[in-house]
Every structure is written in structure tokens, then in C-alpha cells.
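Engineer: Got a structure here, written out as C-alpha cells. Questions coming.
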Amino acid sequence: MNSPTFEHLARLYVVGALDEDELQDFERLRLEGGHSAEEFIAECERLSEAFALSLRPTAPCVSTKKKLLDRIRSGGPASAPDREHVS
Amino acid sequence: MAQELAFLQAPPAGNRGAPIQLGGDNRIILCGGLPRFPPIMTAPMSDPTTEEYEISDEELMMRIQQGQEEALGMLYDRYSGVLKSLIMRVIHNDAESDDLLQEIFVELWNQSGTFSPKKGKPLGWIVTLTRRRAIDRLRKRQAYARVEEKFKERPEQQPEAWVQNTLEDDIELNDARRVLNKVLNELPDAQRQAIELAYFKGMSQREVAAHTGIPLGTIKTRLELGLKKISEALKGLKHELTDL
């Protein structure tokens with residue numbers, strides 16, 4: 001069972017709102033909480049995912065994917081993406 | 001309990017506009033505390049095949065860990081649009097967002113070995129990585145003040161994507177996002193703004209207080225209430241949708 005303080009800090013943690021001193025408190029409580037604490041944090045991460053997924057997608061530049069894959073294959077840096085967009 | 005707002009396989013392309021319902025019996029399939037939504041197809045450069053839909057994020061991550069480039073391409077097709085939107089919300093620069101998106105997928109490729117399904121789901125990992133890198137970029141280019149000014153100049157758009165409810169947007173929003181937006185839009189403006197500043201601007205509670213000129217205690221309360229409310233709403237959503 002996680003403490004209300006930990007649960008509160010965990011929600012703030014996933015949205016990145018903890019100040020330094022709070023972060024230390026959070027990490028301490030996280031260690032103390034063990035598996036139960038990790039489970040709660042994972043649950044809270046759905047908050048973060050929900051915020052991201054609520055956004056209307058924006059089509060990336062058409063060449064970004066190709067350049068990404070070229071970069072992966074070559075193992076080197078990719079050139080800057082074109083400014084052509086799908087829409 | 002599953003730990004993410006996970007996606008199941010979506011219906012074939014021709015059925016992509018269906019309500020939030022998946023599976024042969026047309027019932028919503030739930031994962032943990034949240035409904036499992038069809039993928040938000042974010043990069044319409046290619047039309048995914050049914051087979052591509054059927055591959056889970058976990059399977060894609062496993063293939064990426066094995067060095068399969070095609071898997072990275074599929075993951076990119078699945079999430080690049082929404083990740084670009086997330087980046088855009090942080091750095092407000094289209095060209096730079098594309099650049100950073102590429103960097104993030106390269107990092108995802110290079111760091112895939114550190115991903116463990118035991119610690120969470122791929123989507124959570126990717127969203128966290130993207131948000132952190134976007135905030136890093138925002139700070140690195142030392143344009144924070146300028147972006148902040150821009151943000152201040154457009155208060156009517158806060159939070160931009162959460163409150164755009166024109167008819168056109170409603171049509172464009174798929175069902176998953178519509179449900180999520182409903183939850184977020186039900187928050188009081190003050191709570192939503194505090195969450196926005198933390199999540200999309202990378203501000204701590206003290207920074208939010210300093211930025212808004214509102215007492216720290218008030219900001220803490222707003223964040224606490226807002227986040228708790230969203231958490232509860234997302235949990236409740238499961239039961240609501242199960243009955244459909």
C-alpha cells in the first residue's frame with residue numbers, strides 16, 4: 001500500500017513537476033515502496049501517455065522517415081530533414 | 001495490470017473510422033485501467049497493411065532490439081505524428097520538431113537495448129523520451145523566454161490541442177483522442193494550465209508559481225487536484241466503456 005504522499009509525488013513526477021527537494025523525497029519513498037511503488041508509477045505514466053495522445057497528430061516532413069532509416073543503416077548522422085510536408 | 005494506454009491491432013484500413021471498438025465482437029477491449037484504443041495513425045506516408053496493425057508495440061520493440069530496421073519504420077509510422085505534435089507543443093518550431101523527431105528515433109534505436117517490458121510499455125517509454133528531449137532542446141537553444149512570450153500572447157489557445165473543438169477538428173479527431181480530450185477538457189482552466197506548464201514546458205511547481213505569479217501552495221493544490229482528477233477519470237473510463 002502506497003502512502004498518499006507517495007502517490008501525490010508520483011503523479012507530479014510523471015509530468016515533471018517535482019522540485020529538487022521533492023524529487024529526493026520521491027526517490028526515497030520509491031525505494032521504500034519497492035514493487036508496489038513501481039506499479040503505481042507505471043500506472044501514473046498513463047497520465048503522460050494520455051496527454052501526448054490527446055494531441056492531434058502532425059504529419060512529419062515527408063523525407064524524415066527515409067533519412068532516419070538511411071541514418072540507421074549508415075550509422076552516421078543524417079542530413080537535416082526537408083521542409084516538404086505531407087499536409 | 002498492463003501499464004499503458006496500449007493499442008491493440010486496429011481494424012483494416014477501410015474500417016479505420018469505426019468507433020472505439022475493436023475485436024470481432026465489436027466490443028472495446030481494455031488493458032489495465034484504460035481502454036485499448038486503435039492506433040492513431042500519425043504519419044500517412046504509407047498505408048499500413050493489416051499485418052502491420054497486428055504487430056504489437058512490444059513485438060516491434062523486440063525486433064528493434066534485434067536490429068530490424070523495418071520495425072523501427074513501423075513504429076515511426078505508428079507514432080511519429082503524435083510525437084511530432086508533442087514536440088511542437090514544447091518547442092513551437094516545425095522545422096526543429098522534424099529534426100528532433102529524427103534524433104529521438106535514432107536514440108530509440110540506439111538505446112533500445114535498455115528497454116525492458118518488465119518496467120513498462122513501449123509507448124510510455126517513447127513518450128517520456130520524447131518529452132524529455134523536447135524540453136532539453138527548448139532549454140538548450142536558449143529561446144525559452146521567447147517561446148514563453150509567444151505562449152503568453154496566445155492565452156486563448158491554452159491548452160492548444162485540448163480545447164480545439166471546432167467541427168472540423170471533431171471530424172479529424174479519431175475516437176481515442178476524442179475520449180481523451182473530453183477527460184482533459186473537463187478540468188477547470190486553472191488546473192489545466194498548471195498541468196500544461198509542467199508537462200509541456202518542463203516547469204517544476206516552483207517554476208509554475210513563479211511564471212504565473214500564483215502562490216506555490218495554490219499551484220500545488222491545482223496540480224494535485226487536476227492530476228488526481230484525470231487519473232480517476234481515466235480509471236472510470238474503463239467501466240464506462242466496458243458497458244458499451
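Engineer: Taking into account only those residues within the range B:200-215 that are at the interface with chain A (Cβ under 9 Å from one of its Cβ atoms) and open to solvent by 20 Å² or more (accessible area, probe 1.4 Å), which is farthest from residue B:133 (Cα to Cα)?
Structural biologist: B:206
Engineer: Oh, and also: Looking only at the range B:86-100, which residues are under 16 Å from residue B:124 (Cα atoms) and either at the interface with chain A (Cβ under 7 Å from one of its Cβ atoms) or of a type in the set (S, T, N, Q) (or both)? It would help to see each step written out before you state the result.
Structural biologist: Applying the first criterion (under 16 Å from residue B:124 (Cα atoms)) to the range B:86-100 yields B:86-87.
Within the range B:86-100, just B:86 meets the criteria.
To keep it simple, each residue is scored yes or no on (1) surrounded by fewer than 20 Cβ atoms within 10 Å (Cβ to Cβ); (2) modelled with pLDDT under 90.
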residue	(1), (2)
B:141	yes, yes
B:144	yes, yes
B:153	yes, yes
B:157	yes, yes
B:160	yes, yes
B:168	yes, yes
B:184	no, yes
B:189	yes, no
B:198	no, no
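Engineer: Residue A:11: at the interface with chain B (Cβ under 7 Å from one of its Cβ atoms) and in contact with a strand residue (DSSP E or B) (Cβ under 8 Å, 6 or more places away or on another chain), yes or no?
Structural biologist: Taking the combined requirement at face value, the residue does not satisfy it.
The values are calculated or read from the model by the stated rules, or taken from the named source; none is laboratory data. Because the structure is predicted, anything quoted here is derived from the model rather than measured. We place every Cβ from the backbone using ideal geometry, glycine too, and count neighbours over all the protein chains shown. In case anyone asks, the SASA skips ligands and DNA or RNA and just uses the protein heavy atoms, side chains included. Shrake-Rupley method; radii C 1.70, N 1.55, O 1.52, S 1.80 Å.
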